[in-house]
Amino acid sequence: MSSSRLSEITGYTASQIRQDFNNFGGFGQQGYGYNVEDLYDGITAILGLDTERHMVIVGAGNLGRALAGFPWGKRDNFMVDGIFDNSPGVIGSKVGEYTVGSLPDLKKYLEVNNPDVGVIATNGHGAQEACDILVEGGVKGIWDFAPVDLELPDSIPLQYVHLNDSLHELTYRITETEHGHP
């Protein structure tokens, strides 16, 4: 597939596409374009999606349950290994195929297993404690849905997911469209 065709599909210029791909290595050949399968495999490897990534979820409320029920294994090589909470009323209950463990269970779990991602789906009050346990337990990255800023070492990647920010962006884009701006 040519950079011109990719430009038509994506809306980016052919030149920008070539420059971006060249930043990650030579995916194409001048005059021949890009082999789509090789391009897909190359981008998948760059994003680390060619490696199975294991996740543990802290927080078994509605969001944690929804994340645990998402078909991760069928998408992008993510595997949920367990879900944990600090609420006595939730500990021991079933979330899909998982039994909700306690935070002491999480500490023991992390001593034995090596999950890549710790998912924080707690309220704001429990988020830092969850983060501290996950970091101490050796997770490689934190995916945080809690509405608070977390403190953790710079060596551990942190990705915040603030649902209200996404909704604000959407309403801004709706407003732009309503006023005739693309």
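The values are calculated or read from the model by the stated rules, or taken from the named source; none is laboratory data. Quantities reported herein were computed from a predicted structural model and do not represent experimental measurements. Methodologically, a virtual Cβ is constructed for each residue, glycine included, from the backbone with ideal geometry; neighbour enumeration extends over all protein chains shown.
Side notes on the structure shown:
- Residue tally, condition loosely packed, with under 13 Cβ neighbours inside 10 Å and of a type outside the set (Asp, Glu), over segment 48-59: 2
- Enumerated helices (runs of 4 or more DSSP H) restricted to segment 1-95, each holding at least 1 residues that are in contact (Cβ under 8 Å) with a residue 40 or more places away in the chain, closer than 20 Å to Thr122 by Cα and aliphatic (A, V, I, L, M): 62-69
- Filtered by the rule that a residue be among the small types (Gly, Ala, Ser) and under 20 Å from Met79 (Cα atoms), segment 103-129 gives Gly118, Ala121.
- In segment 39-83, the residue that is farthest from the chain's Cα centre (by Cα) out of those that are small (Gly, Ala, Ser) and more than 28 Å from Asp132 (Cβ to Cβ) is Gly42.
- Residue that is surrounded by the fewest Cβ atoms within 10 Å (Cβ to Cβ), among those in segment 22-47 that are polar (S, T, N, Q) and farther than 11 Å from Ser3 by Cβ: Asn23
- Residue in segment 87-98 that is within 20 Å of Gly141 (Cα to Cα), assigned by TED's automatic domain parsing to the domain that holds Phe145 and surrounded by 14 or more Cβ atoms within 10 Å (Cβ to Cβ) present: no
- Filtering segment 140-162 to residues that are in a loop (DSSP other than H, G, I, E, B) and of a type in the set (Ser, Thr, Tyr) leaves only Ser155.
- Complete set of residues in segment 1-21 that are surrounded by 13 or more Cβ atoms within 10 Å (Cβ to Cβ) and either closer than 17 Å to Thr44 by Cα or acidic (Asp, Glu) (or both): Ile17, Phe21
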